[in-house]
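Encoded as structure tokens, the structure appears first; notes follow it.
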Amino acid sequence: MRKFVFVLALLAGGIFLPASIAPALMIAPPAGPVRIVNSDAVFVGRVVEIEPIDVDARRFPGAKDTVKWRIAVVKVNDAIHGLKTEKTVRVGFIPFVAPKPGQPIVSPGGRSPQLAVGQDGLFMISKHADAKFYQAPNYGYFVSVQDKAFNTEVKTAKKVVAIMADTTAAMKSKDADERLMAVSIAVSKYRTQKPPFPNKEELISVEESRLILDVLVKAKWGQFKFGEANPQQLFFQLGIGAKDGFAPPKQIRTPDDMRVAVEAWGRTHGDYQIKRFVPNADR
């Protein structure tokens, strides 16, 4: 429960950490658009080999010690994003530690997927900060072909990549779901911190800020569901709060009460500019 509350506090503060550096906070896979935006490569493939020698590398940027990474060689069958002519890619994962008698299996890699020869699925992977391999950072970043959601996940990935090509146009779409997905992509892009840390904040344009907020207040604010884009969660990730003149309603009976409060705030803050995180190159 404390971990759940802490994650919500991070979101309310507009802090969104990439899965590759915050495995302990991953209590469920984020929405599809978030996983795609935060991945360097997305493809459907098959594990064809496990390299015989593990690789020593840091678990995340800034870590003092290294850990053993097992390397899977994955054949690319359908490149969706981030790959050009690659036929295979090296995907690292931190293997489970053999348990002591009577003790549970422990993975020092958090919820990193465990890969094996013959596995087929959708890979959403990121380049390791130091080593020459990719990593599937957490649960949900590999979807097995045997998973009942596999076809839906692949379809979503391809749609997200298409929207990424012109997010602004998608935010003006006549389709409400497409507009919300486009905003989810934009918010993930702007409000995810990336190494080197800490990030700086820069303002995006008034016009794009207004467009993002308009899509949010016109969306349906329902109950939060893991794995789905949620307008209220996206608003919290923007980091808008008391310093910006926004105060949530004292009594919230339904999710729409918060939407109404955000809409009212927007009418008097039409020149508000959303801030985006930018890696600090000076560090």
Next item on the list: Please enumerate the residues belonging to segment 135-153 that are of a type outside the set (Asp, Glu) and either at positive phi or under 16 Å from the mean Cα position of the chain (by Cα) (or both).
Entry: 135, 136, 137, 138, 139, 140, 141, 142, 143
Notebook entry, point to check: When both residues are 6+ apart or on different chains and their Cβ atoms are under 6 Å apart, which pairs have a first residue that lies in segment 52-63 and is more than 14 Å from residue 93 (Cα to Cα), and a second that is surrounded by 15 or more Cβ atoms within 10 Å (Cβ to Cβ) and of a type in the set (Gly, Ala, Ser)?
Noted result: 61/129
Notebook entry, point to check: residue 93 fails exactly one of the following numbered conditions: (1) modelled with pLDDT of 95 or more; (2) crowded, with 20+ Cβ neighbours inside 10 Å; (3) within 20 Å of residue 36 (Cβ to Cβ). What is the number of that condition?
Noted result: (1)
Note to self: Which of the numbered conditions does residue 78 fail, given that it passes all the others? Conditions: (1) modelled with pLDDT under 95; (2) surrounded by fewer than 18 Cβ atoms within 10 Å (Cβ to Cβ); (3) under 22 Å from the mean Cα position of the chain (by Cα).
What the structure shows: (1)
Check: residue 125 versus (1) closer than 26 Å to residue 113 by Cβ; (2) in a helix (DSSP H, G or I): which is the lone unmet condition?
Finding: (2)
Checklist line | Every pair of residues 6+ apart whose Cβ atoms lie under 7 Å, when the first sits in segment 245-258 and is in contact (Cβ under 8 Å) with a residue 12 or more places away in the chain and part of a loop (DSSP other than H, G, I, E, B) while the second is surrounded by 11 or more Cβ atoms within 10 Å (Cβ to Cβ) and hydrophobic (A, V, I, L, M, F, W, C) | finding: 245/265; 246/240; 246/265; 248/258; 248/261; 249/258; 249/261
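Could you identify the single residue in 212, 204 that is crowded, with 19+ Cβ neighbours inside 10 Å and either acidic (Asp, Glu) or modelled with pLDDT of 95 or more (or both)?
None of the others qualify; the one that does is 212.
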Note to self: Can you say whether residue 205 is outside the structural domain of residue 62 (by TED's automatic domain parsing), hydroxyl-bearing (Ser, Thr, Tyr), out of contact with any helix residue (DSSP H, G or I) (no Cβ under 7 Å at 6 or more places or on another chain) and in contact (Cβ under 8 Å) with a residue 24 or more places away in the chain, as far as the supplied structure shows?
What the structure shows: yes
Margin query: Being without any contact (Cβ under 8 Å) to a residue 60 or more places away in the chain, touching a Ser or Thr at 6+ places or on another chain (Cβ under 7 Å) and crowded, with 17+ Cβ neighbours inside 10 Å: is that true of residue 229 here?
Written below: no
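Okay, residues lined up against (1) part of a loop (DSSP other than H, G, I, E, B); (2) of a type outside the set (Phe, Trp, Tyr):
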| position | (1), (2) |
| --- | --- |
| 181 | no, yes |
| 195 | yes, yes |
| 202 | no, yes |
| 225 | yes, yes |
| 232 | no, yes |
| 235 | no, no |
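The values are calculated or read from the model by the stated rules, or taken from the named source; none is laboratory data. What you are looking at is a predicted structure, and each value in this text was computed from that prediction instead of being measured. Backbone-built Cβ (ideal geometry, glycine too); neighbour counts: all protein chains shown.
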